[in-house]
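K.L.:
Quick one: the structure is below, questions incoming.
The values are calculated or read from the model by the stated rules, or taken from the named source; none is laboratory data. Note that the structure is a prediction, hence the values are computed from the model and not measured. We place every Cβ from the backbone using ideal geometry, glycine too, and count neighbours over all the protein chains shown.
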Amino acid sequence: MNETIKTILNHRSIRSFEDKKLTDEQIETIVKSAQAAATSSFVQAYTIIGVTDRDKKEKLAEAAGHQRYVVENGHFFVFCLDLHRHELAAEMEGLDKKDIIESIESTEMFMVGCIDAALAAENAVNAAESMGLGICFIGALRNNLNEVTKILKTPDRVIPLFGLCVGYPAKITGQKQRLPFENIYHKEEYIQDDEVLKDQLKQYNNDIIDYYKERTGGRRADRWTEQMAQKVSHPTRMYMKDFLKNKGLPLN
């Protein structure tokens, strides 16, 4: 097993960082690594905003549900879907807005931007972790995107998707076991036997219960399926459709 694979398989979220900033060289390396990720049709429909200003980080932490590691880290990156750049490209080539509106506002282009940003972010994570740094994704920025877009001054068609805390780990947490390989990887076609899938999930529940018991000294013992049932039965961020529409992405 080579060092790259060891780094990937050793991944875990870090939520406690030393009071030590990343260097400009580290930041540039992480961003350039992100840019080296695959991108659909060379579209590169994302922007990365680095935030170091304490006041801005405090406001972003508040928008994300008061998560202190949004403030206390070596550097905070925000990955955004960015289709504003493509409007500018079309304008430079003499196209009118009416010529591009159907494509720019399509669900497919939105998906391309989200996928591009996610691929870039994973490259950034691998680069950071290979340097001995820790990371934590912050999806909770989407709790209040109206506020986040004001803080970051993002124009229409630029949507903050998630944050990424990066820094020197102050505390190494345990690693959560992922779903069974067989539950994720299906050969040739999707497994249609739900009983087989459920049996795999039952075993996984036992593994996750053991993880929580060990981590919390027996104070927590919830099942993975229990967590997911709670999640899908309580809709969240239902403002998103209207928000995207107001930001110039009605998604046709």
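K.L.:
Going by the conditions given, is Tyr46 aromatic (Phe, Trp, Tyr), within 22 Å of Leu133 (Cα to Cα) and within 16 Å of the chain's Cα centre (by Cα)?
P.N.:
For Tyr46, the condition - aromatic (Phe, Trp, Tyr), within 22 Å of Leu133 (Cα to Cα) and within 16 Å of the chain's Cα centre (by Cα) - is not met.
K.L.:
Need pairs with beta-carbon distance below 8 Å; first residue outside the structural domain of Leu152 (by TED's automatic domain parsing) and within segment 48-59, second among the hydroxyl-bearing types (Ser, Thr, Tyr) and crowded, with 18+ Cβ neighbours inside 10 Å; sequence gap 6+ or separate chains.
P.N.:
Filtered contacts from segment 48-59: no entries.
K.L.:
Same structure, new question: Note down all Cβ pairs under 9 Å where the first residue falls in segment 79-92 and is among the small types (Gly, Ala, Ser), the second is part of a helix (DSSP H, G or I), and they're at least six residues apart or on different chains.
P.N.:
Between residues of segment 79-92 that are among the small types (Gly, Ala, Ser) and residues that are part of a helix (DSSP H, G or I), the close pairs are Ala90/Lys97; Ala90/Asp99; Ala90/Ile100; Ala90/Ile104.
K.L.:
When segment 223-242 is examined, which residues are found to be of a type in the set (Val, Ile, Thr) and in contact with a helix residue (DSSP H, G or I) (Cβ under 6 Å, 6 or more places away or on another chain)?
P.N.:
Across segment 223-242, the qualifying residue is only Thr225.
K.L.:
In this structure, is Ile30 under 13 Å from Glu129 (Cβ atoms) and modelled with pLDDT of 95 or more?
P.N.:
yes
K.L.:
What are the residue pairs meeting all of these: first residue in segment 214-225, first residue assigned to a loop (DSSP other than H, G, I, E, B), second residue hydrophobic (A, V, I, L, M, F, W, C), Cβ atoms under 7 Å, and 6 or more apart or on different chains?
P.N.:
Correct list of pairs: Ala221/Ile209; Arg223/Ile208; Arg223/Ile209.
K.L.:
Which numbered condition trips up Ile208, out of (1) exposed (fewer than 10 other Cβ atoms within 10 Å of the Cβ); (2) touching a Phe, Trp or Tyr at 6+ places or on another chain (Cβ under 6 Å); (3) of a type in the set (Val, Ile, Thr)?
P.N.:
(1)
K.L.:
Next up: Looking at segment 155-168, which of its residues are more than 19 Å from the chain's Cα centre (by Cα) and either under 13 Å from Arg15 (Cα atoms) or charged (D, E, K, R) (or both)?
P.N.:
Answer for segment 155-168, where residues must be more than 19 Å from the chain's Cα centre (by Cα) and either under 13 Å from Arg15 (Cα atoms) or charged (D, E, K, R) (or both): Asp156, Tyr168.
K.L.:
OK, next. Restrict the check to segment 181-204 and report whether at least one residue is crowded, with 16+ Cβ neighbours inside 10 Å, aromatic (Phe, Trp, Tyr), not assigned by TED's automatic domain parsing to the domain that holds Ile14 and not in a loop (DSSP other than H, G, I, E, B).
P.N.:
The answer is yes; a qualifying residue exists.
K.L.:
Leu249 - would you say it is in contact with a strand residue (DSSP E or B) (Cβ under 8 Å, 6 or more places away or on another chain), modelled with pLDDT of 95 or more, surrounded by 14 or more Cβ atoms within 10 Å (Cβ to Cβ) and over 30 Å from Thr7 (Cβ atoms)?
P.N.:
Here the answer is yes, as Leu249 does meet what is asked.
K.L.:
Given the condition in a helix (DSSP H, G or I), in contact with a strand residue (DSSP E or B) (Cβ under 7 Å, 6 or more places away or on another chain) and touching a residue at least 24 places away in the same chain (Cβ under 8 Å), answer yes or no: does some residue in segment 152-171 qualify?
P.N.:
Scanning segment 152-171 turns up at least one residue that is in a helix (DSSP H, G or I), in contact with a strand residue (DSSP E or B) (Cβ under 7 Å, 6 or more places away or on another chain) and touching a residue at least 24 places away in the same chain (Cβ under 8 Å).
So that you can scan it fast, the table gives a plain yes or no per residue for (1) closer than 23 Å to Asp53 by Cα; (2) in contact with a Lys or Arg (Cβ under 6 Å, 6 or more places away or on another chain); (3) modelled with pLDDT of 95 or more:
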| residue | (1), (2), (3) |
| --- | --- |
| Val78 | yes, no, yes |
| Met109 | no, no, yes |
| Glu147 | yes, no, yes |
| Leu161 | yes, no, yes |
| Ile172 | no, no, no |
| Arg178 | no, no, yes |
| Asn183 | no, no, yes |
| Ile191 | no, no, no |
